[in-house]
Amino acid sequence: MKLAAPLLLLTATLMTACGGGNTTETPDTTGPQLTLTQGAPLEDGTVTLTATTTDSSGISKVEFYQNGTLLGTDTTAPYTYAVDLVNDARTGYTAKAYDTKGNATVTAAFNVTTKYQGSWYWLAVDSAGNNVADGVAVFITEVPVNGQQVAAGVYTDTPQTRVGLSLLGPIASTTSLDAAFTVDTTQPALYLVAQDNDGAFGTYNGSATFGGLGVVIDPTTGAERDIALGMVQIDTTVDAAAKAQTTLRAMLKGSLSAQRLNRSARVALPTALNFKLPDLSRFKLPQ
């Protein structure tokens, strides 16, 4: 019986050394760190969403959602999902990352945006103030020009007899603000090109405006007609149906008349674009 106490002590010591005591591992209940960002738009009219995520136990997968609907799952880094800027919605994207323990983290809702996106009403007038053409341009994506991003989309005139690509941004130089409409959606020859007078957007009732001098180019003869071009942003949603409004036409005509009086010198601008145009053939203009 005298050996009982030493044996009990030895047993307790061995159990402690072998981990057989009351020591327990703290369970991992913390989800991964996670952020969701977008890259620059690509030539095919898509933009890549990237989920950047880390966790001490490792990442098993990342799911991408739009307004609660699962779009896709990525199990290897970098964790990405491509959004079609022409056909897909732009709001309500989230990412959900899982670690190897099953813990998950969800990002806040993320909206995809591009430069000057949305619908713009445009009006070109000649030196006498007569209407040359007007219509709607919808900016959808971006293209790189001179190391900077330029908004790109599709335009039409009000009768919808002409449809081409529209561009807005620093086209002629890195410090200018220019607008350019191509003859059609497949070639870089220009139908209309103009440069904002002060190189910066103005405002009208809280909406962005463009106003400056330029030319309309006859696609057959190449003859140029001096014009003043005005543009005003109607909305910032690409999928909204935008139509020319009488009040906007009157506002722009008054504004352009004042600009012609202040500046009669002609702006030197290109007649063709020397960079690759985006493929926006999938986009249908609002009726």
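All of the numbers you see were taken from the coordinates with simple rules; none came from a lab. Quick caveat, the model's predicted, so the values are computed rather than measured. No Cβ is skipped: glycine too gets one built from the backbone with ideal geometry, and neighbour counts run over all protein chains shown.
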* Could you tell me which numbered condition D196 fails, if it satisfies all but one of (1) free of Cβ contacts under 8 Å to residues at least 24 places away in the same chain; (2) surrounded by fewer than 19 Cβ atoms within 10 Å (Cβ to Cβ); (3) closer than 21 Å to D226 by Cβ? => (2)
* Asked: Restricting the stretch 146-160 to residues that are out of contact with any Asp or Glu (no Cβ under 7 Å at 6 or more places or on another chain) and surrounded by 22 or more Cβ atoms within 10 Å (Cβ to Cβ), which is nearest to T35 (Cα to Cα)?
  -> G153
* Asked: How many residues, within the stretch 70-97, are within 21 Å of the chain's Cα centre (by Cα) and polar (S, T, N, Q)?
  -> 4
* To do: Kindly indicate whether any position in the stretch 114-122 is among the β-branched types (V, I, T) and in a strand (DSSP E or B).
  => no
* Does A151 satisfy the condition of being closer than 23 Å to T203 by Cβ and within 21 Å of the chain's Cα centre (by Cα)? -> yes
* Structure fact -> Checked T91, T73 against criteria (in a strand (DSSP E or B) and polar (S, T, N, Q)); the one match is T73
* To do: Test V136 against the stated conditions and say whether it is touching a residue at least 12 places away in the same chain (Cβ under 8 Å) and in a loop (DSSP other than H, G, I, E, B).
  => no
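Residues in the stretch 61-68: is at least one small (G, A, S) and not in a loop (DSSP other than H, G, I, E, B)?
There is no residue in the stretch 61-68 that is small (G, A, S) and not in a loop (DSSP other than H, G, I, E, B).
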